[in-house]
Amino acid sequence: MRKSLVSAIALALALSAGGLMAAPAHAVVDGASLTTTQLPRTVRPTHYDVAIVPHADKLSFDGKVTVDVQVLQPTRSITLNALNMTFASARLTPAHGKALVAKVSVDAKHQTATFTFDKSVAPGSYKLAMAYTGKIETQPNGLFAIDYDTKSGKKRALYTQFENSDARRFIPSWDEPAYKATFDLTVTVPSDEMAVSNMPVASKTELGNGMAKVTFQPTPKMSTYLLFFGVGDFDRATTTSDGTQIGVIMQKGKSAQAAFALKSASEVLHDYNDYFGVKYPLPKLDNIAAPGSSQFFSAMENWGAIFTFEYAMLLDPSFSTQGDKMNVFNTEAHEMAHQWFGDLVTMNWWDNLWLNEGFASWMAERETELRHPEWNTVLDTVGTRESAMSRDAVATTHPIVQKIDTVEQASQAFDTITYSKGEAVIRMLEAYVGPDAWRQGVRNYIKAHAYGNTVSDDLWHAMDGVAGGKPITQVAHDFTLQPGVPLIKVDSVVCSDGATTVKLTQGEFTKDRPNKKPLHWHVPVIAQVVGSAKASTLVDGHATMKLPGCGPVLVNAGQSGYYRTLYAPAQLAALKGDFNKLAPIDQLGLMSDAWAEGMAGLEPVSDFLDMAKAIPADANPTIWSEVAGSLTALDSYYRGDKVRQTRFRAYAVKQLKPVFARVGWDAKPGESTSTTLLRTQLIGALAELGDQDMLNEVRRRYAEQASNPKALPAALRKTVYAIVAVNADAATWDKLHAQAKAETTPLIKDRLYGLLSIAKDKALGKRALALALTAEPGATNSAGMIRGVGWRHPELAYDFAMAHRAQVDKLVDSTSSTRFYPALGGSSFDPAMIGKIKAYEATIAPTARRPAETVIANIKYRTMIRNQRLPAVDAWLEKNGG
Ligand SMILES: [Zn+2]
């Protein structure tokens, strides 16, 4: 699964944060009070034969399922997962003998159904047959409907979303990843619509009443959460790669928008067949695009039938940007990596979710670097690591491998630690053992566990076999079983006889516990004298490294390490002097550490500001993107303090304007991707910083494109629209609203509704909130609008959501709700917000409170920065002509 990247939020963040300083944590929350533990181990399913008849108009469906089960111990009852279902019948038939009729009892709280028999059932093989009815949801949990506009009117399509625990809304089932089974799916659907599932269609029988019965080929053995079914007025475009049929499926008439996704999928499949050493095992691989969005996810790796929201798969030539294109590729590469890591080999339980997500994130990054070196995405790995370390350095963090008891805890596990720290740690381990040995370990692991389930140690054992004696399990355990960020302190640097001796000590970097006793890690460290060869060591508390050459020493050279580096002032001064000799990735790494350590009080804030000030206008565009992001992030801390903010803005604009003058409004032939991305970043940053020249030009171009669409190239359209939306007055907002209403392409329409939520004007924020409660934006888009308002008006959005809780609950997928509500208040500086979130926490299960606690920790941290660090920024501005 790929985490949600809903565009309104992404746009708001692009304009006002990002950079080295992570935005307020993406938090999530859940209303139900489950204490679900795993099912009793007395019965095991081996095969499901399922027949579903959806009634799309009535939002309900009829289901019949016969499950082949093995009863392992004598039992009077069988318990499985079921949610929001009504059972008409249930019978258990032995291989020989009479069927037993079961009495059904449903436990909504634990999401189970129990079938009780008159007498004890002996161990052996049985068929458990059930007839039931279920609900079609309006949010992506279980079988759900998406309504969307087309030029020929409204349409409704159906899809399923089961991860982490929603297959139980579709089939009464053993809905845990370890219960792998095969599935035969038959559906009764309108004859003129296309039905799609994990496997190709085996047969289609017309029923004569406009309906057809479609049966799919049996699936391989797999976990319930990977089953997929979709039906609608679709088109399918295909190609083949290494003999596998690759398809893209989307609403009718949009196949041109999926051309890039189709071509990319074909390339990626070929590369992965090679990397994993096991060929993709299914006869086809579809990628299905759907309008709408979710607060929880943007794409899902159903085996052979990847589901993706349109914004992460389709490209519209009039609206999509380079960033969108990169996101399409990365999303696809992520979901396709899961076809092996997740689908073929599956974690045993959600406590090892990172085996899926950390790995898929790392693999997607690797594949993007391989196929599109011109995008220079290797520099993005620093940002990924930063977002992980930012989250990992507060008290509410958790280890990558963590205890999961409840459904909510499993949902909450889809977080920055699982994805981004997981990715960063794999990157470090790969660098530690070497890429060839790492790939051999992966191949051995996949081969040994195909169609099975694993825990993290299965991967480490495979790596131990290829790591040439390096203590990979030790290092991996340190970084996956304990939380937190190591801090490597450079104690001394001594040069003699043309070589440098460096002494290192390991501590721990925290943002909110300055007196914490550090944990202990074995940290693989790579270092170099700037301009000389790299050397590596494993820091076990302390280490002494001998480096060739004399000069400033760079620790974490190449930035593969998951740790921060703290230099003594003289060492940092020497490095700053050689800043322009560092590789761009190391420039980013050094700035990230200076920023984070400055904010945490480990070094003066001026270190980062000096560094940012000294960067030449022709530095790598990605470095300038980071500077622009950091300056706008710093600006957000001045919110509400007009005098100081004005002075800061004057300085920030003065720094960024010459860079924009070089980049310009119009793309130059053959310019780098990083320059294209920097252009929109600078336009957004200068507008956010209130640069009047920029705002005037944005307004001019927006006005002109109304009569001349060519006045605004697609590459700039989203950015210009977002700035206009942020700075909208009532008349402009009304115009955008009318445009959103009239738009018939969901890919664009969904984004326009998002834009209505990001205005600075509070009165317009209120109008956006009211609009979100109506049916107009589309049932899955409203939650994103409420989040959009929360970015600039956290108190308004939070209070509104709490006051309309029953209505808002229906707009949020159940997998997200315990994160959604606290996140609305996340950008607040008001101490009262902490009390409000605590009041909300009291209404949810204690086991579901971590996201709320994390939002509170971040509000406290940001308040500390505002009170304690901004005065140092002011003093620096005083000295540096701010
Ligand atoms: Zn994933």
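The values are calculated or read from the model by the stated rules, or taken from the named source; none is laboratory data. Model, not experiment: these values are computed from the prediction. When we count neighbours, we look across all protein chains shown, and the Cβ atoms used for this are built from the backbone with ideal geometry, even at glycine. The accessibility values were calculated without ligands, DNA or RNA, using every heavy atom of the protein model including side chains. Shrake-Rupley method; radii C 1.70, N 1.55, O 1.52, S 1.80 Å.
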Karplus 3J(HN,Hα) series, Hz, for the range 184-189 with 6.51 cos²θ - 1.76 cosθ + 1.60 (x for Gly, Pro) | 10, 10, 10, 10, 10, 9
Starting from the Cα of K517, draw a straight line to each of the lysines and keep only those under 20 Å, dropping any in the same chain fewer than 8 residues away.
-> K489
About its Cα centre, what dipole magnitude does the range 39-230 give when the only charges are +1 on Lys and Arg Cβ and -1 on Asp and Glu Cβ, stated in debye to the nearest 20?
-> 500 debye
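Where does each of E301, E743 land when they are ordered by accessible area, with a 1.4 Å probe and the largest first?
On the way: E301 0, E743 45 Å².
Output order, biggest surface exposure first: E743, E301.
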Given labels modelled 7 Å from the Cα in the Cβ direction, how far is it in nm from K58 to A619?
-> 6.5 nm
Could you tell me how many degrees, from 0 to 90 and to the nearest 10, lie between the Cα long axis of helix 782-792 and the main elongation axis, the longest principal axis, of the Cα atoms of the chain?
-> 20 degrees
By how many nm would the segment from T544 to V201 grow when fully extended, if each residue of separation counts as 0.36 nm and the alpha-carbon distance is taken off?
-> 117.2 nm
The set of residues whose placed amide H lies less than 5 Å from the amide H of H520, leaving out same-chain residues fewer than 5 positions away, is none
Of I249, V278, N302, which is farthest on the positive side of the dipole of the range 233-320, counting Cα position, with +1 on Lys and Arg Cβ, -1 on Asp and Glu Cβ, and the Cα centre as origin?
-> I249
Could you give me the ³J(HN,Hα) list for the range 166-178, computed from phi with Karplus coefficients 6.51, -1.76, 1.60 and θ = phi - 60°, whole Hz, x at Gly and Pro?
-> 10, 4, 5, 7, 10, 9, x, 7, 8, 8, 10, x, 6
Using a simple charge model, +1 on the beta-carbon of Lys and Arg, -1 on the beta-carbon of Asp and Glu, nothing else, what dipole does the range 340-483 show about its Cα centre, in debye to the nearest 20?
-> 300 debye
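Would you work out the charge dipole size for the chain about its Cα centre, treating the Cβ of every Lys and Arg as +1 and the Cβ of every Asp and Glu as -1, and quote it to the nearest 20 debye? Please report the intermediate quantities before stating the final value.
Details: 92 positive and 89 negative charges, 269 e Å.
My answer is approximately 1300 debye.
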Taking the Cα atoms only, what angle lies between the long axis of helix 692-707 and the longest principal axis of the chain, rounded to 10 degrees?
-> 40 degrees
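Whole number in Å², please: accessible area per residue of the range 39-230, 1.4 Å probe, ligands, DNA and RNA not counted.
Numbers: 7670 Å² over 192 residues.
Per-residue accessible area for the range 39-230 comes out at 40 Å².
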Working with all protein chains in place, sort K718, K810 by solvent-accessible area computed with a 1.4 Å probe, largest first.
-> K810, K718
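Take each of the peptides 708-714, 416-422, 51-57, 143-149, average the number of other beta-carbon atoms within 10 Å over its residues, and list them starting from the highest. It would help to have the intermediate numbers written out before the result.
Working: 708-714: 13.3, 416-422: 25.4, 51-57: 16.9, 143-149: 21.9.
Ranked by mean Cβ neighbours within 10 Å, highest first: 416-422, 143-149, 51-57, 708-714.
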Using only the Cα atoms of the range 764-863, build the gyration tensor, take square roots of its eigenvalues as a ≥ b ≥ c, and label the shape rounded, prolate or oblate: rounded if a/c is under 1.5, else prolate if a/b is larger than b/c, else oblate.
-> oblate
Once you put a point 7 Å from the Cα of T501 and another 7 Å from the Cα of A839, both along the Cβ direction, what distance in nm separates them?
-> 6.3 nm
Under a straight-distance cross-link criterion of Cα-Cα below 16 Å, which aspartates and glutamates are reachable from K252, leaving out those fewer than 8 residues away in the same chain?
-> D147, D149, D192, E193, D233, D235, D286, E310, D316
Once you put a point 7 Å from the Cα of Q73 and another 7 Å from the Cα of K654, both along the Cβ direction, what distance in nm separates them?
-> 7.6 nm
Which one of T505, G561, S757 is farthest out on the positive end of the charge dipole of the chain, using unit charges on Cβ (Lys, Arg +1; Asp, Glu -1) and the Cα centre as origin?
-> S757
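Sort the range 615-727 into rounded, prolate or oblate with this rule: let a ≥ b ≥ c be the square roots of the eigenvalues of the Cα gyration tensor; rounded if a/c is under 1.5, and if a/c is not under 1.5, prolate when a/b is larger than b/c, oblate otherwise.
Oblate.
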Show the residues, 5+ positions off or on another chain, whose built amide H is closer than 5 Å to the amide H of F297.
-> S4
Sites A731 and S89, calculated FRET efficiency, Cβ-Cβ separation with R0 45 Å, nearest 0.05 | 0.15
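What FRET efficiency comes out for D809 versus A763 if R0 is 25 angstrom and r is the Cβ-Cβ distance? Round to the nearest 0.05.
Working: r = 26 Å, r/R0 = 1.04.
The pair D809/A763 has a calculated efficiency of 0.45.
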Rounded to the nearest 10 Å², the accessible area of C550 at probe 1.4 Å = 60 Å²
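Please report the carbon-and-sulfur percent of the accessible area for the range 728-868; probe 1.4 Å, protein heavy atoms only, DNA, RNA and ligands left out. Before the final figure, lay out each step's value.
Details: 2750 of 4830 Å².
That share works out to 57 percent.
In nm, what is the difference between 0.36 nm times the number of residues separating K151 and A450 and their Cα-Cα distance?
Numbers: separation 299, 0.36 × 299 = 107.64 nm, distance 4.58 nm.
Gain on extension, K151 to A450, equals 103.1 nm.
What is the range 183-281 by shape, rounded, prolate or oblate, if you read a ≥ b ≥ c off the alpha carbon gyration tensor as root eigenvalues and call it rounded for a/c under 1.5, prolate for a/b larger than b/c, and oblate otherwise?
On the way: a/c = 2.66, a/b = 1.41, b/c = 1.89.
In terms of gyration-tensor shape, oblate.
Here is the link list: K155/K204; K325/K421; K403/K810; K213/K325. Which ones come out longer than 27 Å on Cα distance?
Details: K155/K204 23 Å; K325/K421 24 Å; K403/K810 29 Å; K213/K325 38 Å.
In this structure, K403/K810; K213/K325 lie more than 27 Å apart at Cα.
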Can you tell me the 0 to 90 degree angle between the C-alpha axis of helix 762-772 and the longest principal axis of the chain, rounded to 10?
-> 20 degrees
Per-peptide average of other Cβ atoms within 10 Å, ordering 408-415, 506-513 highest first | 408-415, 506-513
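Sort 660-666, 483-489 by packing, meaning the average of other beta carbons within 10 Å per residue, with the highest value first. Working shown, then result.
Working: 660-666: 14.3, 483-489: 22.3.
Result, highest mean Cβ count within 10 Å first: 483-489, 660-666.
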In the range 484-604 the accessible area split gives carbon plus sulfur, as whole percent at 1.4 Å, a share of 55 percent
So how much slack lies between T774 and A832, counting 0.36 nm per residue of separation and subtracting their Cα-Cα distance, in nm?
-> 18.0 nm
